Amino acid sequence: MAKFPKVQQQNIAVFGESGSGKTVLVSSFYGRTQEGSFKNDLWDLVADKIGQGVRLYQNYLGMKNSAQTPLQTRFANTTYDFSVKLKTGDSDEEEKRPFDELHLAWHDYPGEWFEDDPSSEEEAQRRIDTFRTLLSSDVALLLVDGQKLLDHRGEEERYLKSLFHNINQSLAQLKDPLLGDNGRLIEFPRIWILSLSKADLLPDWDVNTFRDLVILKAAGEIEQLHSTIADMIDTPDALSIGEDFMLLSSAKFKLKAESAEPVKIDLKQRIGLDLVLPIASLLPLERRVLWEKKMELPRKVADKLADGADVIAAALIGENFAVIEKLLWAFAKKNPKAAILVKALPMLGDAIKVVGPKLKEMNEEARAKHQYLRAMLTQFKIDLDQAVTDNVLRKQK
């Protein structure tokens, strides 16, 4: 009988105004993994939609070989579906591991919708429907365009205030249609990472430089955005906006002196892009643990917050999930109103506490034993920790 892979689904939403580099980012994210020279001994990245994968790789090759950036996808709401397929080996770990594939849905929200009013009732409904498709995302990347910061050097607040105001207004207009008669949303992106796209244009900046500028110039607008979203969701204390920051660059662009057109694009010099998978899979787990320590999360919220956190935690620390699942169900039976979280089982907390030499030791052990899932997740955590050390990523504390 054919063995069907067990799948863990993760979602990430990417927001940014037109021209902020969303299509370039996703093309570089996928295209680099398709080159013959790319080596990864743990997993392969596959586009679930063949035509979509071909277009993204074509974009990548156009940048690499001809310094041609992809055409802007105006008003296109696209979800890119990827599968992270684990390598197979001789270990019996494959039969025991909680999942065999990590699926990533990358939701790209049209930038023009933050800048223009709907031109018709049909378009207004499409905006609502599109936003509903990304509500399952735990993490949202909100892009701040590095080129526009350069264009507004010395008066960056003009751009930043406009950016956050436009996004805030767009979400405010979606509030009533999204909530309807059902009340506040339980499932909604709760981790919003402010991300400096085209970070290669500002080589002297680290994530703290970026954070300080944004807070200095647009703290009020960020607070307004936080307030707008908080009014839309159940348990608004479980929301992070203006606390997580990162640098993002799909490549190193060498531009013409007289214009912003590239003459060379070095796609090997990327910043932050390799953190997308670790962020989508592990950051919600970390945040779920942090919030549970600070507040009592309602069961209905906890069940939607960081979906599959228990599965990922079990795989990360090498526990047999079948046994853990029985404990979780037993706890849920006795405590129907409680959240199945850190208080129920220390596994989630244990998973995020592992750092430094112990984490490296776990990764090396998993690789040696061909435990590809555990090796991938421990490597993801190593990458996240290193990004913080390198001042590429700043997380809520």
Members of LYS217/LYS381; LYS96/LYS304; LYS148/LYS397; LYS358/LYS381; LYS217/LYS268 lying beyond 23 Å, as alpha-carbon distances in this model show: LYS217/LYS381; LYS96/LYS304; LYS148/LYS397; LYS217/LYS268
Solvent-accessible surface (1.4 angstrom probe) belonging to LYS217, in square angstrom, nearest 10: 50
At q = 0.17, 0.20, 0.21, 0.35 Å⁻¹, base-10 log of I(q)/I(0) for the range 195-235 (Debye sum, equal scatterers on each alpha carbon): -0.59, -0.71, -0.74, -1.10
Backbone HN-Hα couplings from phi across the range 208-215 [Karplus 6.51/-1.76/1.60, Hz, Gly and Pro as x]: 6, 4, 5, 4, 4, 5, 5, 5
Exposure of TYR372 as accessible area (Å², to 10), given a probe of 1.4 Å and all protein chains: 30
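Where does each of LEU71, LEU141 land when they are ordered by accessible area, with a 1.4 Å probe and the largest first?
LEU71, LEU141
Note down the relative contact order for the chain as a percent, whole number, built from C-alpha pairs under 8 angstrom at least six residues apart.
Working: 649 pairs, mean separation 75.6, N = 397.
The normalised contact order for the chain reaches 19 percent.
How long are the semi-axes of the ellipsoid equivalent to the range 1-73, from square roots of 5 times the Cα gyration tensor eigenvalues, in whole Å, largest first? Don't skip to the end; give the middle numbers.
Numbers: eigenvalues 133, 59, 24 Å².
Largest first, the range 1-73 gives 26, 17, 11 Å.
Taking the DSSP beta bridges in the chain as the whole, what percent of them are antiparallel, to the nearest 5? Walk me through the numbers on the way to the answer.
On the way: 20 of 46 bridges.
Approximately 45 percent, going by the DSSP bridge assignments.
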Where HIS165, HIS226 fall by accessible area, highest first, once all protein chains stay in place (1.4 Å): HIS165, HIS226
LYS39, LYS175, ranked by accessible area, largest first (probe 1.4 Å): LYS39, LYS175
In Hz, Karplus ³J(HN,Hα) per residue of the range 16-26 (6.51, -1.76, 1.60; θ = phi - 60°; x = Gly, Pro): x, 5, 4, x, 7, x, 5, 5, 4, 4, 5
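Per DSSP H run of n ≥ 4, the term is -39500 (n - 2.57); total these for the chain, divide by its residue number, and report the mean residue ellipticity at 222 nm rounded to 500 deg cm²/dmol. The partial results should precede the final answer.
Details: 14 runs with 184 residues, N = 397.
Estimated from H runs of four or more residues: -14500 deg cm²/dmol.
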Equivalent ellipsoid semi-axes, the range 151-239, via Cα gyration tensor eigenvalues times 5, rooted, Å: 29, 14, 11
Shape of the chain, Cα gyration tensor, a/c cut at 1.5: oblate
Global geometry of the range 16-158, whether rounded, prolate or oblate, following the gyration tensor of its Cα atoms and the 1.5 cut on a/c: prolate
Per residue value of the accessible surface for the chain (all protein chains in place, 1.4 Å probe), Å²: 46
Area of LYS294 that stays accessible when all protein chains are in place (1.4 Å probe, Å², to 10): 120
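The values are calculated or read from the model by the stated rules, or taken from the named source; none is laboratory data. What you are looking at is a predicted structure, and each value in this text was computed from that prediction instead of being measured. SASA here: full protein model, heavy atoms, side chains in, ligands and nucleic acids out. Shrake-Rupley method; radii C 1.70, N 1.55, O 1.52, S 1.80 Å.
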